[in-house]
Amino acid sequence: MLEQLQQTIGYRFKNVNLLQTAVTHTSYANESKKGDHHNERLEFLGDSVLSIVVADYLFHEAGHLPEGELTRKRASLVCEQALFGFAQQIELGKYMRLGKGEERGGGRNRPSILSDAFEAVIAAIYLDGGLEPARKFIVPFVEEGKGAEADYKTRLQEVIQQNPEERLRYVVAAESGPDHDKHFVVEVHLNSNCIGTGEGHSKKVAEQHAARQALQLMGLV
C-alpha cells in the first residue's frame, strides 16, 4: 500500500517508516501492541512547512497584493476544508491506519483526520528529503486551490440553487476613492437578508469576498 502511495504523491522515501507514521492515527497507535508512532508530531511540523511554502509561493506569484489579502489567501489554502480536498485527491483515506472504533465511525472520510494526515505527509517528505521535495509536492495543490478559491460566487450559487425559491443578489453598499483606486463594499443578499459582506478594489473582487464570507457562515469554507 505504501508503495502505491509513494507513486501517487510522486516521492520515493529513503525512510519509508516516516510515511507509515504519517498515515497512522492516534486511535491505531493506542490499540497497537507494537509501539507504533502516530502522526500528531508530524502534523505539527507539516503545518509549519505548509505555511512557509504557501506564503513564499503567494509572495512571489501575487506580489501586487497587500499583506492583508496575502494573509487571507494563505488562510484559504491551509484551512481544514482545503487540506481535506487535497487529501481526497490522493485518496489518502484508503491508506490510513485507524483504530477499530474510528474505522467503524467513518474515519477514512473524516475531514479532520485527513487534513491532519495531509500535513503529516508533508512533514514526512520534508524530514526525508528536505524543503525542495516538500515544496514540489505542495505547490501543485496550491495552484489548483488558488483557482478554486477564486470562484466563491459559483460555489455559493450552486448551494442556493438547491432551493429554487431562494434568490441571491449582490448589492454595492459603499463606494469610495478616485477612479484609479476605487474601493467597494458589497453585500450578498439571500432574499431580503444580508448573508455576507466583502471589500475590494473592484466590484468583482468584493463580490467574491462577500460570497466567501457567506460560505464561511454556512460552514462550507
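Values for this structure:
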item	result
Centroid-to-centroid separation of the stretch 173-195 and the stretch 67-125 [C-alpha atoms, Å]	34 Å
Within the chain, longest stretch clear of exposed trypsin sites (Lys or Arg not before Pro) (DSSP loop, no more than 15 other Cβ within 10 Å)	35-166
Under 29 Å from the Cα of K100 - lysines, other chains or at least 8 residues apart	K33, K34
Residue order, fewest to most surrounding Cβ atoms within 10 angstrom, among T154, T24	T154, T24
Mean residue ellipticity (222 nm) of the chain, computed from DSSP H runs ≥ 4 via -39,500 (n - 2.57), nearest 500	-18500 deg cm²/dmol
Listed residues G107, Q89, L58: farthest to the positive end of the dipole of the stretch 2-135 (Cβ charges)	G107
Ratio of the Cα radius of gyration of the chain to 2.2 N^0.38 Å, where N counts its residues	1.19
Cα gyration tensor shape of the stretch 95-189, rounded if a/c is under 1.5, else prolate or oblate by comparing a/b with b/c	oblate
Reach of K14 by Cα under 20 Å, taken over lysines that are not fewer than 8 positions away in the same chain	K136
Cα-based reach from K182 at 22 Å (exclusive), listing lysines while leaving out same-chain residues under 8 positions away	K73, K153, K203, K204
Local electrostatic count, E67, Cβ distance below 12 Å [Lys/Arg +1, Asp/Glu -1]	+2
Rounded, prolate or oblate (a/c below 1.5 giving rounded, otherwise prolate when a/b exceeds b/c) for the stretch 25-134 by Cα gyration tensor	prolate
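All of the numbers you see were taken from the coordinates with simple rules; none came from a lab. This is a predicted model, so every value here is computed, not measured. Neighbour counts are summed over all protein chains in view; Cβ atoms, including those assigned to glycine, are modelled from backbone coordinates with ideal geometry.
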